[in-house]
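Following: one structure in structure tokens, then a few remarks.
The values are calculated or read from the model by the stated rules, or taken from the named source; none is laboratory data. Quick caveat, the model's predicted, so the values are computed rather than measured. Note that we place each Cβ from the backbone using ideal geometry, even for glycine, and neighbour counts take in every protein chain shown.
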Amino acid sequence: MALEEIEPALADNGFERVTYIAFTNNLNALPDADLMVKGLGMEYMQIPVDFANLRPSEYYAFADSMVRNEGCKTLLHCQVNARATAFSFLYRVINKDVPVDQAKADVNTVWQLNKIWRDLIFVVLEENGVGPDCAGCDWTPPPPRQ
């Protein structure tokens, strides 16, 4: 998507901040996205999250930013919406009291969590006194790719 296509979409939907949770050197990353977003008078935040080497601290950096800017309409994005979906799941369950089964159903519309992401979610939930068990929740990771 070109910059000229993104700018009106951000403004038309009332976003005040963009949070990007991936590396900027990704082939699909928008060049100078930070400059474009800042040029629109919006806040830009980046948390570089390695898809295969996760740290709970990366989630907590995201969550801290969301809590500090509770009323700020935020566009959360990554490259394929997997990171954003997992972080949104955690934030909604921990900070917004969304039931685990409801948040997990939303995750399932985007992707089936692999073992690495499932384990991160379990660790963060446990650190926050929340269990992952719920009626209808299947946390079984997909089989490894051949």
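Would you mention how many residues in region 54-83 are of a type in the set (Asp, Glu), under 21 Å from Val107 (Cα atoms) and either at pLDDT below 90 or loosely packed, with under 15 Cβ neighbours inside 10 Å (or both)?
The number of residues fulfilling the criteria is 0.
Okay, residues lined up against (1) surrounded by 18 or more Cβ atoms within 10 Å (Cβ to Cβ); (2) touching a residue at least 60 places away in the same chain (Cβ under 8 Å); (3) under 14 Å from Cys78 (Cβ atoms):
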{"site": "Thr24", "(1), (2), (3)": "no, no, yes"}
{"site": "Asn28", "(1), (2), (3)": "no, no, yes"}
{"site": "Asp34", "(1), (2), (3)": "no, no, no"}
{"site": "Lys38", "(1), (2), (3)": "no, no, no"}
{"site": "Gly41", "(1), (2), (3)": "no, no, no"}
{"site": "Met45", "(1), (2), (3)": "yes, no, yes"}
{"site": "Ala52", "(1), (2), (3)": "no, yes, yes"}
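Would you mind listing the helices (runs of 4 or more DSSP H) fully within region 1-79 where at least 1 residues are under 19 Å from Ile116 (Cα atoms)? Outline the logic, then answer.
Details: elements: 3-12, 33-39, 56-68.
Those helices (runs of 4 or more DSSP H) span 56-68.
Could you tell me which residue of region 84-125 is surrounded by the most Cβ atoms within 10 Å (Cβ to Cβ), considering only residues that are of a type in the set (Lys, Arg) and part of a helix (DSSP H, G or I)?
Lys104
For region 117-135, which positions are among the aliphatic types (A, V, I, L, M) and at pLDDT 95 or above?
Leu120, Ile121, Val123, Val124, Leu125, Val130
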